[in-house]
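Novice: Okay, here's the structure, questions in a sec.
The values are calculated or read from the model by the stated rules, or taken from the named source; none is laboratory data. Please read these numbers as outputs of a predicted model, since none were measured by experiment. As a convention, Cβ positions derive from the backbone with ideal geometry for all residues, glycine included, and neighbour counts pool all protein chains shown. Ligands, DNA and RNA are excluded from the accessible area calculation, which covers all protein heavy atoms including side chains. Shrake-Rupley method; radii C 1.70, N 1.55, O 1.52, S 1.80 Å.
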Amino acid sequence: MGIERTLADRKGRDFCELPRETIASSNSRRNRRRQRKKPPVQKLFETCKVVFASAGTGFVPPHEDIDELQSVLDGIKPEDVGLRPDMPYFRTSATQRVPRITYLHIYECEKFSMGIFCLPPSGVIPLHNHPGMTVFSKLLFGTMHIKSYDWVVDLPPESPTTIKPSENQGPEMRLAKVKVDADFTAPCNPSILYPEDGGNLHCFTAVTACAVLDVLGPPYSDAEGRHCTYYHNFPFSNFSADGLSIPEEEKNAYEWLQEREELEDLEVNGKMYNGPKIVES
């Protein structure tokens, strides 16, 4: 039964005689209104479902999908995910040994995850990697210092990029190049890192209270080899490697990274996400 017959039953014969174009236009306006009312976080979820439909280790979305997801993230505001800068997540206590970071879990499946890190002033997420992952980050409010690196892979074959320190200095170190080392203040463009470049290893330091919305595709998975590893960083000049030569003026752009076991400077608490709920369809 067509829409014209249904409307005729309700409104009478005269309504049934409205031109098809008028009825189609009315339906289009109603559809647009429904789309406008969709919560931004729901739109983000639905966009992620499309962008990461084929996600696996090493997956990089097509350029047009990257642009679409960045555009959706760019439009999200703190209030869209139920956050305000005066919430307890963003305060520190004199009794805390290190500023406590709060993670708000929004959604996770095998293809992607969505969540928010809430950092009080001076809160730090130590240097860590994202193996085989594409990650989008949106600073929702506040100022954050980001320092990111990529592994060095473009030196001549005879140039070593790993060194083995003495026994009491821990595991081997690997050479990385600094990609970003700067403060960012919201509102600013969403950032993106890729499996092999774009600053796949990074450290976040809260200059002021801040919140960052992260989308990971695919998410961490020990079973699939995507384990989160943390690192210490050391200036390039602290160690030497036979056969490795970096121009003097470029040495500050390189650092040695070393895996670390203890995370005495990190405290993360998981809390319930209380913003608009995701509706799975």
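Novice: Any idea how many residues of segment 83-110 are open to solvent by 40 Å² or more (accessible area, probe 1.4 Å), closer than 30 Å to GLY225 by Cβ and in contact with a Lys or Arg (Cβ under 8 Å, 6 or more places away or on another chain)?
Specialist: Summing the residues that are open to solvent by 40 Å² or more (accessible area, probe 1.4 Å), closer than 30 Å to GLY225 by Cβ and in contact with a Lys or Arg (Cβ under 8 Å, 6 or more places away or on another chain) in segment 83-110 gives 1.
Novice: Moving on. Just one of (1) outside any strand (DSSP E or B); (2) of a type in the set (A, V, I, L, M, F, W, C); (3) open to solvent by less than 70 Å² (accessible area, probe 1.4 Å) trips up CYS118, so point out which.
Specialist: (1)
Novice: Still on this structure, please answer the following. Return only the number of the condition from (1) closer than 30 Å to LEU83 by Cα; (2) in contact with a helix residue (DSSP H, G or I) (Cβ under 7 Å, 6 or more places away or on another chain); (3) outside any strand (DSSP E or B) that ALA211 does not satisfy.
Specialist: Answer for ALA211: the failing condition is (3).
Novice: While we're on this one: Evaluate the following for VAL98: is it within 17 Å of the chain's Cα centre (by Cα), assigned to a loop (DSSP other than H, G, I, E, B) and β-branched (Val, Ile, Thr)?
Specialist: Working: within 17 Å of the chain's Cα centre (by Cα): no; assigned to a loop (DSSP other than H, G, I, E, B): yes; β-branched (Val, Ile, Thr): yes.
Taking the combined requirement at face value, the residue does not satisfy it.
Novice: Go through segment 104-159 and report how many residues are within 13 Å of the chain's Cα centre (by Cα), among the aliphatic types (A, V, I, L, M) and farther than 26 Å from ARG91 by Cα.
Specialist: Residues meeting the conditions: 2.
Novice: Separate question: Might you check whether a residue that is closer than 29 Å to ILE246 by Cα and either crowded, with 16+ Cβ neighbours inside 10 Å or not hydrophobic (A, V, I, L, M, F, W, C) (or both) occurs anywhere in segment 136-145?
Specialist: Within segment 136-145, the first condition is being closer than 29 Å to ILE246 by Cα, and the residues that meet it are 145.
Imposing the further condition that a residue be either crowded, with 16+ Cβ neighbours inside 10 Å or not hydrophobic (A, V, I, L, M, F, W, C) (or both) reduces the set to 145.
Yes, segment 136-145 contains a residue that is closer than 29 Å to ILE246 by Cα and either crowded, with 16+ Cβ neighbours inside 10 Å or not hydrophobic (A, V, I, L, M, F, W, C) (or both).
Novice: Would you mention how many residues in segment 236-267 are open to solvent by less than 70 Å² (accessible area, probe 1.4 Å) and not in a loop (DSSP other than H, G, I, E, B)? Working first, answer last.
Specialist: So in segment 236-267, the residues open to solvent by less than 70 Å² (accessible area, probe 1.4 Å) come out as 236, 239, 241, 243-244, 246-247, 251, 253-258, 260, 263, 265-267.
Filter once more, keeping what is not in a loop (DSSP other than H, G, I, E, B): 236, 251, 253-258, 260.
Count: 9.
Novice: Sticking with this structure for a sec: In segment 142-161, what residues are over 16 Å from LYS179 (Cα atoms) and without any contact (Cβ under 8 Å) to a residue 24 or more places away in the chain?
Specialist: Across segment 142-161, the qualifying residues are PRO156, PRO157.
Novice: State the number of residues belonging to segment 146-159 that are surrounded by 12 or more Cβ atoms within 10 Å (Cβ to Cβ) and farther than 27 Å from TYR220 by Cβ.
Specialist: Keep residues of segment 146-159 that are surrounded by 12 or more Cβ atoms within 10 Å (Cβ to Cβ), which gives 146-152, 155, 159.
The next check asks that each one be farther than 27 Å from TYR220 by Cβ; those that pass are 155, 159.
Residues meeting the conditions: 2.
Novice: Among the listed residues PRO190, PRO195, PRO218, which satisfies the condition of being open to solvent by less than 30 Å² (accessible area, probe 1.4 Å) and under 23 Å from GLY123 (Cα atoms)?
Specialist: Details: PRO195 fails: under 23 Å from GLY123 (Cα atoms); PRO218 fails: under 23 Å from GLY123 (Cα atoms).
The match here is PRO190.
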